[in-house]
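Since every read-out is calculated from the coordinates, none of them should be taken as a lab result. The model shown is predicted, which means the values in this text are computed figures rather than measured ones. No Cβ is skipped: glycine too gets one built from the backbone with ideal geometry, and neighbour counts run over all protein chains shown.
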Amino acid sequence: MENEILLDTKNLLKQIKQVAKAEGINMTLLKYSINAIFNKVDGVRNLYNKFNRKTLRVSELEEIAEVLNYEIVLRKKN
């Protein structure tokens, strides 16, 4: 599938940053967009902390995907 990314929990932040960059935004703008769309008020530092502590929720990953115009898909391994 085109523009498909296999997420790796060890490199999730790096992968999200690469996707955001490919979409023409940085992490600060990504977080501001998430806040505006989903009525949140936390900052970009909080987002980085969640990635670093590995406490990012699936719902937060869904918000990131929504802003980046991607979807999360589970697929059975071959």
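Each residue of segment 65-75 was assigned a 3J(HN,Hα) from its phi angle through the Karplus curve 6.51 cos²θ - 1.76 cosθ + 1.60 (θ = phi - 60°); the sequence is 4, 4, 5, 7, 6, 10, 10, 9, 10, 9, 9 Hz, with glycine and proline shown as x.
What stretch of the chain, leaving out the sites themselves, is the longest with no GluC sites (Glu not before Pro) in a DSSP loop having at most 10 other Cβ atoms within 10 Å? Longest site-free region, per DSSP loop and neighbour criteria: 5-70. Measuring nothing but how far apart in sequence close Cα pairs (under 8 Å, 6+ apart) lie, relative to its length, the chain scores a relative contact order of 27 percent. The trypsin sites (Lys or Arg not before Pro) of segment 25-75 that meet both conditions, a loop assignment by DSSP and at most 10 other Cβ atoms within 10 Å of the site Cβ, are Lys54, Arg57, Arg75. Ordering Val44, Ile25, Val58 by the projection of their Cα atoms onto the charge dipole of segment 12-68, which places +1 on the Cβ of Lys and Arg and -1 on the Cβ of Asp and Glu, puts Val44 at the extreme positive end. Per-residue ellipticity at 222 nm, computed for the chain from helices alone with -39500 (n - 2.57) per DSSP H run of at least four residues, works out to -17000 deg cm²/dmol. Taking every Cα-Cα distance in the chain and sorting them into 10 Å bins starting at zero, the pair-distance distribution P(r) comes out as 17, 56, 24, 4, 0 percent.
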